[in-house]
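Undergrad: Here it is: the structure, laid out below.
Just so you know, all these numbers are worked out from the coordinates, no wet-lab data involved. Just so you know, these numbers come straight off a predicted model, no measurement behind them. Note: ideal-geometry Cβ built from the backbone for every residue, glycine included; neighbour counts use all protein chains shown.
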Amino acid sequence: MLNRFQLMIPLLFFQTYFTLMQAQDINWTTDQKILTGGSGSNIRPRILALDAQHGIIVWGNDRSQSIHYAIWEGDSLTGIQNINMKMSKAFITSWASTEIAGKNHVVYLIYKEDPAETGNIYLVRSFDFGKNFSDPIPVVIPNGFYSRFPGIAIDKDLQPIVSYMRFKTDWSQPEYVSIRSKDFGDSFNAFTEVTDKSIGEACDCCPVSMETEDENIVVFYRNNRNNIRNMTASISNNNGISFDITHELDTADWYLQSCPATGGDGFFNGDQLHSIWSSGRTGISKVFYSKYNLLSNKIEGLQIMNHTQGRNFQQNYPRMAGRADTVGIVWNELVNTMDIFFSYFIGTKSSDLITHAIRINKDLSGTQTTPDIAFHSGNFYLCWQDQNDNSIRFKKGNVNIISSTESDLNKSIKLLTIKQGLQINSEQEIDVCSIYNLEGRLIHESKQFRTVEIPLPSSGIYLIKIKQGKEEYSLKWIRT
């Protein structure tokens, strides 16, 4: 975990370059359809970006109770493929179904066998970007208890971590627990409790989501504190051995005697946690964003999605993706029918979620629902279900930052993307160019030059500071 000193440099840069930034935009591809055919509804897709060239979309069919997927390489989608589930049938609904996690070339997929209470929880895995999956591996076999709603994450060693809800067989004492593997899913250890029973129990029909960063794991679940149903984060700092931090993420209570059947999402940014969820505490279902400081144990930012592009009515099923200070969200919203909305912010100004909100689906007929989002190498990847033609939709957006390179920065200075990283050309000599990663570590410095090629070690976001005479410029650079 980063200490306070390590955080100082990027935070200072955020203040500087954000004032210089003139505009931010995203270039979107057209919608791509995955036409599935057959009977039943193809619902609740999940999307995973493994790198800039590889990713996978997974969804379920509620009639056949089968699981299907398509992979992409570059911008091209493959044909539909099927998960070999042997004799099992998956529990598939619009609000809880298959979950997916992965990194590099490794993909894990988790699903609950029907019947939802007594069926096994199965894992399938791929070590070739999703081109081939294993047979189902049973990871939870209910015996003397009920289980529901598995979620999955992948740790820094590419090992799977699974969370799921446990009940007694009289439906009492719902709680989330977590299990870890050290052999890529062949076996799992005994469960660790995730739910903090001192502040309530798990909301018994709300699904879970998980994210990891280094040794940190977060499980997002909805707490039930005497019918106060607030989104909650349970956090482990030791790779899931124990979950020692539990914090409700909303700043006001949602009292509801029935179950809302909706979960949350989020990811780590060093000592901060971005999160998203929906709540009806204002009287209608709205999407909320929060930023939780892990050091101070306080909510430092809360944003309700009262934007100007829709009716701000019946917002639900939000999902989030990003990296460090780049945050993107998607959700359902009722306009005339149900549509998919997207928004984002870069830096610290979460209020940009309001001004950046757009309706993302091209087709306005029918019902668009259950979106998901992924992020990698400066690109957002979106998918959702179109109930009009029973298709799964896919869309890619490239983040462009029009910064001081086009305005306040001396017009004689040009920054160009090259294969190795970045090239800087200037008509006048540049005194110093310093480049930092988002952890605040200096990764390159060049002095007294007019042209220089700077290798950047990996795709991601970099902070650049240029000194030329009496002028100093700070800006952000994304290497895709």
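Undergrad: Can you give the calculated 222 nm mean residue ellipticity of the chain, where each DSSP H run of n ≥ 4 adds -39,500 (n - 2.57) and the sum is split over every residue, rounded to the nearest 500 deg cm²/dmol?
TA: Value at 222 nm, helices only: -1500 deg cm²/dmol.
Undergrad: Restricting attention to the alpha-carbon atoms of the stretch 404-479, what are Rg (one decimal) and Dmax (integer), both in Å?
TA: Calculated on Cα positions, Rg and Dmax stand at 11.4, 32 Å.
Undergrad: So which trypsin sites (Lys or Arg not before Pro) in the stretch 95-156 end up in coil per DSSP with only 12 or fewer other C-beta atoms within 10 Å? Write down the numbers at each step before the final one.
TA: Values: sites: 103, 112, 125, 131, 148, 156; in loops: 131, 156.
Of the trypsin sites (Lys or Arg not before Pro), the ones in loops of the stretch 95-156 whose Cβ has at most 12 other Cβ atoms within 10 Å are 156.
Undergrad: Show me the chymotrypsin sites (Phe, Trp or Tyr not before Pro) within the stretch 151-259 that DSSP assigns to loop and that have at most 14 other Cβ atoms within 10 Å of their Cβ.
TA: 171
Undergrad: For an R0 of 45 angstrom, estimate the FRET efficiency from the Cβ-Cβ distance between residue 214 and residue 389 and round to the nearest 0.05.
TA: That gives a FRET efficiency of 0.60.
Undergrad: Sorting check: for 294-306, 258-270, which peptide has the highest mean count of neighbouring beta carbons within 10 Å, and how do the rest follow? Write down the numbers at each step before the final one.
TA: Details: 294-306: 14.7, 258-270: 20.5.
Order by mean packing, descending: 258-270, 294-306.
Undergrad: Would you mind computing Rg(Cα) / (2.2 N^0.38 Å) for the stretch 194-342, counting N as its residues?
TA: 1.00
Undergrad: Quick check: net charge around residue 217, other residues with Cβ under 10 Å of its Cβ, Lys/Arg +1 and Asp/Glu -1?
TA: With Lys, Arg at +1 and Asp, Glu at -1, the net is -4.
Undergrad: For a label point 7 angstrom out from the Cα of residue 198 toward its Cβ, which stretches of the stretch 245-289 have the backbone nitrogen within less than 15 Å?
TA: Under cut-off, by backbone N: 245-248.
Undergrad: Magnitude of the Cβ-charge dipole of the chain, K/R +1 and D/E -1, about the Cα centre, nearest 20 debye?
TA: With Lys and Arg at +1 and Asp and Glu at -1, about 420 debye.
Undergrad: Report D for the stretch 77-147 in µm² per second (integer): Stokes-Einstein, Kirkwood Rh on Cα pairs, 37 °C, 0.692 mPa s. All intermediate terms of the calculation are to be shown ahead of the outcome.
TA: Working: Rh = 13.0 Å.
Diffusion coefficient, whole number: 253 µm²/s.
Undergrad: Here's a follow-up. Going toward the positive end of the dipole of the chain, with +1 on Lys and Arg Cβ and -1 on Asp and Glu Cβ, which of 97, 390, 301 do you reach last?
TA: Comparing the listed Cα positions along the dipole, 390 ranks first.
Undergrad: A follow-up question, please. Where does helix 4-20 land angle-wise versus the long Cα axis of the chain, in degrees 0 to 90, nearest 10?
TA: Tilt relative to the chain: about 70 degrees.
Undergrad: Filter the cross-link list 395/476; 112/156; 286/395; 33/414; 447/476 down to pairs whose alpha-carbon distance in this structure exceeds 28 Å. Present the calculation step by step, with values, prior to reporting the outcome.
TA: Working: 395/476 25 Å; 112/156 25 Å; 286/395 24 Å; 33/414 39 Å; 447/476 19 Å.
Those over the limit are 33/414.
Undergrad: If you scale each eigenvalue of the Cα gyration tensor by 5 and take the root, what three semi-axes come out for the stretch 113-250, rounded to whole angstrom and sorted largest first?
TA: Whole-Å semi-axes of the equivalent ellipsoid: 24, 19, 12.
Undergrad: Percentage of Cα-Cα pair distances in the stretch 37-107 greater than 20 Å, rounded to whole percent?
TA: Of all Cα-Cα distances in the stretch 37-107, 30 percent exceed 20 Å.
Undergrad: Let me ask something else. With just the Cα atoms of the stretch 306-413, tell me how far they stretch along each of the three principal axes, in Å, largest first.
TA: The Cα atoms of the stretch 306-413 stretch 52, 26, 23 Å along the principal axes, largest first.
Undergrad: Can I ask one more? Around residue 259, what is the net charge, scoring Lys/Arg as +1 and Asp/Glu as -1 over all other residues with Cβ under 10 Å from its Cβ?
TA: +1
Undergrad: Counting only residues 5 or more places away or on other chains, whose amide H sits under 5 Å from the amide H of residue 114 once H atoms are built in the peptide plane?
TA: 89, 90, 91
Undergrad: Using only Cα atoms, what Kirkwood radius does the chain have, in angstroms?
TA: 23.2 Å
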